Amino acid sequence: VDDFYAARSRTIPPLPWSNIAPPFSAIRSVAKLRPKAFTFENVPHLASGHRAYFDYLVKALALPTIAKPDEWSDDAERLDKILASGQTFDPSYVVSVHTLLAADFGTGQKRKRLFITGIRRDIEAEFEAPAPTHSAEQLMEDQWLTGTYWDRHGLERPIMSDAGLKWLRKHNRNPRDLFAPRLEAHRTVRDVLASIPDDAANNEAAPREAKAYKGHTGSPIDEASKTLRAGDHGVSGGENMIQYNDLIPIRYRHYTVREAAAISDFPHDYRFDGTWSDGLKQIGNAVPCNLGKAMGQSLKQTLLAT
């Protein structure tokens, strides 16, 4: 591994993602292990911000044993021609790319993750990404049409927000199909916090005061949380704090480690060692459990269907 990374540094110009593990190891791992299926996860910006390399990565994972990732910029055209010709090698993979929103799978967080999934061609199965189980539409209906969201939390129904008014106007113009399947509502920060036991571990208050600044104003308590981030230089402030409404004394406060963990679907008895900052960094680097589980189950179903 050390020799591989040393060779990479000599032959390829540095890529602007120093905090991301070099993805060449994914290609080499698939070539060596030849699994029936694989899935790799990363940030959606990998596809939009590094398009040329991302396109090559997908092609190389389709033909991992003949790819030459050390020469990726020159190798892309060769793999293009091979794939266009219909040639296959042992192994070859059918590769698909999906960007999923964690909140659509019951996570109380608007976190998007990109998945690159491959099924070995001899398996003769087609992978289908998991279907959402939760929706923002249902949350808006529960809040601003039926009011069941506020009733569930024992709260007086508030004055409709601008977002709620905009949604209601849209709903009135195009009401939903009464016979269409109904998903569960996106879970909000308030929903998640209400689920945490009083005696849960790692639930101590943050050691610093929460302050909003431009572009980082916290996660409104009655929406799914913004994406929790680890931060390159310590815990990122704006995304890791709650934004309350104007009816209580404080406007903002940081998540506790337990609250952040629950927002990423960790069980309430899962303990984090270290400081508050250590815990938030670990959680900020984690794929939400419900989203990982949904992807794993879809991959399992694909393989069992063969």
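Return the residue satisfying two criteria in turn: it lies in the stretch 258-271 and is touching a residue at least 60 places away in the same chain (Cβ under 8 Å) and buried (at least 19 other Cβ atoms within 10 Å of the Cβ), and of such residues it is farthest from A206 (Cα to Cα).
Looking only at the stretch 258-271, we keep the residues that are touching a residue at least 60 places away in the same chain (Cβ under 8 Å), and these are 258-259, 262-265, 268-269, 271.
With the extra rule that they be buried (at least 19 other Cβ atoms within 10 Å of the Cβ), the set shrinks to 258-259, 262-265.
Numbers: R258: 11, E259: 11, A262: 16, I263: 16, S264: 18, D265: 20 Å.
Applying the filter and picking the extreme gives D265.
Contact annotation: residue pairs with Cβ atoms under 8 Å, 6 or more positions apart or on different chains, pairing a residue in the stretch 201-222 that is over 15 Å from Q243 (Cα atoms) and of a type in the set (A, V, I, L, M) with a partner that is at pLDDT 85 or above and surrounded by fewer than 11 Cβ atoms within 10 Å (Cβ to Cβ), are A201/D269.
Take residues that are polar (S, T, N, Q) and more than 19 Å from the chain's Cα centre (by Cα) and tell me which of the helices (runs of 4 or more DSSP H) falling wholly in the stretch 192-306 contain 2 or more.
On the way: elements: 257-263, 276-284, 289-304.
Because the criterion is at least 2 residues that are polar (S, T, N, Q) and more than 19 Å from the chain's Cα centre (by Cα), the helices (runs of 4 or more DSSP H) in the stretch 192-306 that meet it are 289-304.
Residue check: is Y244 surrounded by 19 or more Cβ atoms within 10 Å (Cβ to Cβ) and touching a strand residue (DSSP E or B) at 6+ places or on another chain (Cβ under 8 Å)? Considered against the rule, which asks whether it is surrounded by 19 or more Cβ atoms within 10 Å (Cβ to Cβ) and touching a strand residue (DSSP E or B) at 6+ places or on another chain (Cβ under 8 Å), Y244 comes out as no. For the stretch 161-179, state whether one or more residues are touching a strand residue (DSSP E or B) at 6+ places or on another chain (Cβ under 9 Å) and either β-branched (V, I, T) or crowded, with 18+ Cβ neighbours inside 10 Å (or both). For the stretch 161-179, residues touching a strand residue (DSSP E or B) at 6+ places or on another chain (Cβ under 9 Å) and either β-branched (V, I, T) or crowded, with 18+ Cβ neighbours inside 10 Å (or both): absent.
For the stretch 96-126, the set of residues classified as surrounded by fewer than 21 Cβ atoms within 10 Å (Cβ to Cβ) and either over 23 Å from R187 (Cα atoms) or touching a Phe, Trp or Tyr at 6+ places or on another chain (Cβ under 6 Å) (or both) consists of S96, V97, H98, R120, R121, D122, I123, E124, A125, E126, listed by residue number. Within the stretch 45-67, residues that are without any contact (Cβ under 8 Å) to a residue 12 or more places away in the chain reach partners that are assigned to a helix (DSSP H, G or I) and of a type in the set (G, A, S) with beta carbons closer than 6 Å, at six or more positions or on different chains, in the pairs F54/A47.
The values are calculated or read from the model by the stated rules, or taken from the named source; none is laboratory data. For clarity, every value in this text was computed on a predicted model and none was experimentally measured. FYI the Cβ positions are ideal-geometry reconstructions off the backbone, even for glycines, and counts take in every protein chain you see.
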